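K.L.:
Have a look at this one before I ask anything.
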Amino acid sequence: MNEKGASPPSGEDGAQRRVGTADLLNPSKAWQWLGLTLVDSGEGFATVEMTATEDMGNQSGFVHGGMISALADSAMGRSLRTIEPGVSRAMSFDLRLSFVNAAKIGETLRATGRVIHAGQRTMVAECRVEGSGGRLIATASATFAVTREKGNN
């Protein structure tokens, strides 16, 4: 169970997905501040949700692009941690984002990151951010510098 009383994410077949207990019980300060929640993960992917609050808005009354960027970066970064041998540290150094539709305040946004290259020192992931009803909000890709866990080779 995680801090909200929910079971760890599982796939359609009901099998538990690889999610570290420490990750569920102790999310980063950035994840806490943004209200990010890991809803599913498995080999090579992770899905993260965020409900956009009033203080995430821009002057036009929509969700600020930086908030959407942080959500996409977080989903892609989390997807890297599902690959074996494990990733102990990952930092994006190239992030590309394309906005398709505006996201509304109060809307729950869902970002699914997928690993498309898993090297020893760098990894590449892509992401799709969706709003209500699966409406495409943005697409993203990123390259990450990674440190792999030792002894898992």
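K.L.:
In Å, what Rg and Dmax follow from the Cα atoms of the range 103-150?
P.N.:
For the range 103-150, the Cα radius of gyration and maximum Cα-Cα distance read 14.0, 43 Å.
K.L.:
State in Å² the accessible area per residue of the range 24-153; use a 1.4 Å probe, count heavy atoms of protein chains only, and round to the nearest integer.
P.N.:
Averaged over the residues of the range 24-153, the accessible area is 52 Å².
K.L.:
Given a 1.4 Å probe and heavy atoms of the protein chains only, how would you sort 150, 104, largest accessible area at the top?
P.N.:
150, 104
K.L.:
Rounded to a whole number, what % of the accessible area of the range 35-152 do carbon and sulfur atoms account for, probe 1.4 Å?
P.N.:
Whole-percent figure for carbon plus sulfur exposure: 47.
K.L.:
If you add up the charges near residue 99, with Lys and Arg at +1 and Asp and Glu at -1, over every other residue whose beta carbon is less than 14 angstrom from its beta carbon, what do you get?
P.N.:
Its environment carries a net charge of +3.
K.L.:
For residue 64, what accessible surface area do you get with a 1.4 Å probe? Give it in Å², rounded to 10.
P.N.:
We get 90 Å² for residue 64.
K.L.:
If you take every residue apart from residue 142 with its C-beta less than 11 Å away from the C-beta of residue 142, what net charge results, scoring Lys and Arg +1 and Asp and Glu -1?
P.N.:
Here the charged neighbours net out to -2.
K.L.:
OK, next. Please get the size of the charge dipole for the range 74-119, origin at its Cα centre, with Cβ charges of +1 on Lys and Arg and -1 on Asp and Glu, quoted in debye to the nearest 20.
P.N.:
So the dipole magnitude of the range 74-119 works out to roughly 80 debye.
The values are calculated or read from the model by the stated rules, or taken from the named source; none is laboratory data. Computed from a predicted structure; not experimentally measured. As a convention, Cβ positions derive from the backbone with ideal geometry for all residues, glycine included, and neighbour counts pool all protein chains shown. We work out accessible area using only protein heavy atoms, side chains counted, and drop any ligands, DNA or RNA first. Shrake-Rupley method; radii C 1.70, N 1.55, O 1.52, S 1.80 Å.
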